[in-house]
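Please read the structure below before turning to the comments.
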Amino acid sequence: MVWTKWSYMDHWVTETPQGPQPPSFNRAYMDRYVKQLSALGFTGFDTFFFYLPLYAGMYGGVPGFERFLQDNGFDKITGIFSAYPSATKYTAPHVRETHDRIVADCTNTLRMCEALTGVENFIVMPTSTYYQTEPVTDDTIKVVADLWNRVGKLTLEHGMKTTCHFEFWGAIRTRAQLETFFEYTDPEYVHFFCDTAQHTIAGVDPVQLFRDYRDRCTGFHFKDTKNVDEHEAYRTPPDPELMAPQVTRWFYEMGEGGLVDFPGLMKEIVASGYDGWLTVEHDKAELGGGSYAEATAVAKWYIDNVLAGAQAAAEAELGVAR
Amino acid sequence: MRDTLRWAYALNQWNVRLDVFVRHEDQQRALKTVSACGFDTIELASGTGRWDNISRPEVILLNHGSHAGFLDFLRRASVQGVSSMFWDPQAPAEEEEGYAFRSTANPADADAIVEWSKPFVDFVAGVGAEQLVVRPVGSAWMTPPLDGDGIKRIGDVWNRIGELTSASGVGLALHYDCLGAVHTAEELTALLDATDPASVGLALDTAEFTVGGIDPVTYYREHADRVTHIHLKDTRYADTGDEYRMPGAESTMLKGGAGRRIERWFYELGTEGGLVDVRAFVAALREHEYSGWVVVESDHGGNPAELAMLNSWYLQHELGIPKS
């Protein structure tokens, strides 16, 4: 049976009378955006914590925003992404003294999600940038782990799993650092969110990583890359995603000749018995003249025409049926 | 689209300039977009020269080796075939014809236009498409007023080309547009009357009709037996001041706002303030058991992928047609 739980991560830019903007430009643009995602068959919606106040204002509350999604064919808001990419004196996951503030922020985000159908993932960037955090020692990772253990316990009380989305430029990026982090975190409270491109850029095989941590995996960002970071771009201050001199665009949609083995990952997902949401993310798809709309359609084509086949083949091979 | 009507999507909005939409990978992305939106058949538009390698028959064949090679190219993106191809013999930018200005309204041009049609007829037949969709006459502002004889002369040209298409097993559909010298419902009916129903049909474009002041639902109901092809799109405006007669109407009206600051005439299905009663029109097609292609089009619009997805949404959620 075709995988129906595909969600979309809320990155999008569209042309408006005031230049290229996110569709939160106004409700008319939101209508068009959501209808496009729905037309392709996405039924889950992941968004950022910082969009929640904006959507609440536009739709009379976050539940009102979710009803708007549901009126257009979506099941629900599936994930909320929270992050502190830049370490500040107020918030820095590797600085224990800022943890109370981060927990308070998370509490506020959870409050905004009350009365929703059922957000499943509270997705977090576990650290800030590598260059602000280094040297990354076992102790550094332990401090970070302690924070997300706290947050994980908190979000679970609200029905959401705290799940960690690692960046190639984050302080926890190598296979050894990831293993240490998972060792220091409680499997009951802290889960794994597999961003296929970020791990690949960092030189970590996302398929093997999922294979090894599938019991803790609660979600994916399906996106591709054409480059492994071979020039320590991850240390580029203040931001390697847009300022690395060697690579001007890191992320691509599936099916465009990138490095990630998506059919292989799909096979592993089927084999693991995972039955959660699979999320498509396009990050900075407009670079080089690209269009989020087309990137999304092309990615969904890949899902319908390539991944569906990989899923069916894996199910046949394993003798399982969803 | 899983429906009793046959749905296709036109690629014209991707090919908005001479020097874009040339790389095969760009074309594959467009085809995948159309496919992901639920359409497995496309309409092609004519073009000219080496950069129109998905529009000009000779150049398509040069790029893909054969009709079968082109179909293989489409099928890589899960697009199964071609419903139709649009051709305007009046378009002055046909490099292959020496940039000659010809008009079906000019009897002296008839032989040349019939000759020009042959690559299109052959290509449409070669790829298994059903209709050659043509602009029957040039713009009104460039054409002397047409009397009954003038319309009959235009019909004669299309009857000759209709013989060619019939001999090749394909249809010929005259596509009314809002700038054409055949403008009113009476003139259009006169043109249909001047053509052979056995070989020449009408391509009814819902937005072009509406802009031109002809109600597409009414006209379809009255002439359903002649309608062999549909372009489905919406508009927010009608030509209320004979704007089609403006000199350079292609620019001054359709792009220049017609003096009313209209930035864009054609819109996706379901657009706010749309003038086309799409539901009623599609219902009329079903009532008459229309068997031709319904081509959803988004020309002169915006981002083609956005428009394709919005059109797909309308079909799925407003017309209740499952995508697959």
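The values are calculated or read from the model by the stated rules, or taken from the named source; none is laboratory data. All values derive from a computational prediction rather than experimental measurement. Backbone-built Cβ (ideal geometry, glycine too); neighbour counts: all protein chains shown.
Some observations on this one:
- All positions within region B:17-59 that are more than 19 Å from the chain's Cα centre (by Cα) and closer than 17 Å to B:Val127 by Cα: B:Glu58, B:Val59
- Evaluation of A:Gly203 against (1) assigned to a helix (DSSP H, G or I); (2) touching a residue at least 12 places away in the same chain (Cβ under 8 Å) (one fails), failing number: (1)
- A:Ile123 under 30 Å from A:Glu232 (Cα atoms), in contact with a His (Cβ under 7 Å, 6 or more places away or on another chain), in contact (Cβ under 8 Å) with a residue 24 or more places away in the chain and not polar (S, T, N, Q): yes
- Within region B:272-303, the set of residues being closer than 19 Å to B:Glu208 by Cα and within 10 Å of chain A (Cβ to nearest Cβ) comprises B:Glu272, B:Gly302.
- Flag: B:Ser78 does not match the condition of being at pLDDT 95 or above, in contact with an Asp or Glu (Cβ under 6 Å, 6 or more places away or on another chain) and hydroxyl-bearing (Ser, Thr, Tyr).
- Inclusion of A:Thr225 among residues that are at pLDDT 90 or above, among the β-branched types (Val, Ile, Thr) and buried (at least 21 other Cβ atoms within 10 Å of the Cβ) is warranted.
- Checked against the criterion of being surrounded by fewer than 22 Cβ atoms within 10 Å (Cβ to Cβ), under 18 Å from A:Gly170 (Cα atoms) and either under 17 Å from the mean Cα position of the chain (by Cα) or not hydrophobic (A, V, I, L, M, F, W, C) (or both), region A:249-261 contains one or more residues that satisfy it.
- So A:Arg235, is it within 19 Å of the chain's Cα centre (by Cα), touching a residue at least 60 places away in the same chain (Cβ under 8 Å) and surrounded by fewer than 21 Cβ atoms within 10 Å (Cβ to Cβ): no
- When A:Ala299, A:Ala308, A:Ala295, A:Ala285 are checked against the criterion of being surrounded by fewer than 18 Cβ atoms within 10 Å (Cβ to Cβ) and under 28 Å from A:Trp12 (Cα atoms), a single residue qualifies: A:Ala308.
- Breaking point among (1) modelled with pLDDT under 95; (2) closer than 27 Å to B:Ala190 by Cβ, for B:Tyr99: (2)
- Residue within region B:241-262 that is within 14 Å of chain A (Cβ to nearest Cβ) and under 19 Å from B:Cys178 (Cα atoms) present: yes
- Of the residues making up region B:303-313, not a single one is over 15 Å from B:Pro216 (Cα atoms), surrounded by fewer than 21 Cβ atoms within 10 Å (Cβ to Cβ) and of a type in the set (Ser, Thr, Tyr).
- Among the residues of region A:39-64, those that are free of Cβ contacts under 8 Å to residues at least 40 places away in the same chain and either within 14 Å of chain B (Cβ to nearest Cβ) or more than 16 Å from A:Leu110 (Cβ to Cβ) (or both) comprise A:Ala39, A:Thr43, A:Phe45, A:Leu54, A:Gly57, A:Met58, A:Tyr59, A:Gly60, A:Gly64.
- Subset of region A:20-38 [more than 11 Å from chain B (Cβ to nearest Cβ) and under 21 Å from the mean Cα position of the chain (by Cα)]: A:Gln21, A:Pro22, A:Ser24, A:Met30
- When B:Thr165, B:Thr206, B:Thr184 are checked against the criterion of being of a type in the set (S, T, N, Q), within 24 Å of B:Val276 (Cα to Cα) and out of contact with any Pro (no Cβ under 7 Å at 6 or more places or on another chain), a single residue qualifies: B:Thr184.
- Of all residues in region A:182-203, those satisfying the criterion of being touching a Lys or Arg at 6+ places or on another chain (Cβ under 7 Å), hydroxyl-bearing (Ser, Thr, Tyr) and closer than 21 Å to A:Leu147 by Cα are A:Tyr184, A:Tyr189.
- Residues satisfying the stated conditions in region B:31-59, i.e. hydrophobic (A, V, I, L, M, F, W, C) and surrounded by fewer than 24 Cβ atoms within 10 Å (Cβ to Cβ): B:Ala45, B:Trp51, B:Val59
- Residue pairs meeting the criteria (Cβ under 6 Å; at least 6 apart or on separate chains; first touching a residue at least 60 places away in the same chain (Cβ under 8 Å), in region B:272-298; second surrounded by 17 or more Cβ atoms within 10 Å (Cβ to Cβ) and of a type in the set (Phe, Trp, Tyr)): B:Ala284/B:Tyr220; B:Val294/B:Trp7; B:Val296/B:Tyr9
- Scan of region A:274-316 for residues that are away from chain B (no Cβ under 14 Å) and without any contact (Cβ under 8 Å) to a residue 40 or more places away in the chain, ordered by number: A:Leu287, A:Ala312, A:Ala316
- Test: residue in region B:64-80 that is under 17 Å from the mean Cα position of the chain (by Cα) and either within 14 Å of chain A (Cβ to nearest Cβ) or not hydroxyl-bearing (Ser, Thr, Tyr) (or both): no
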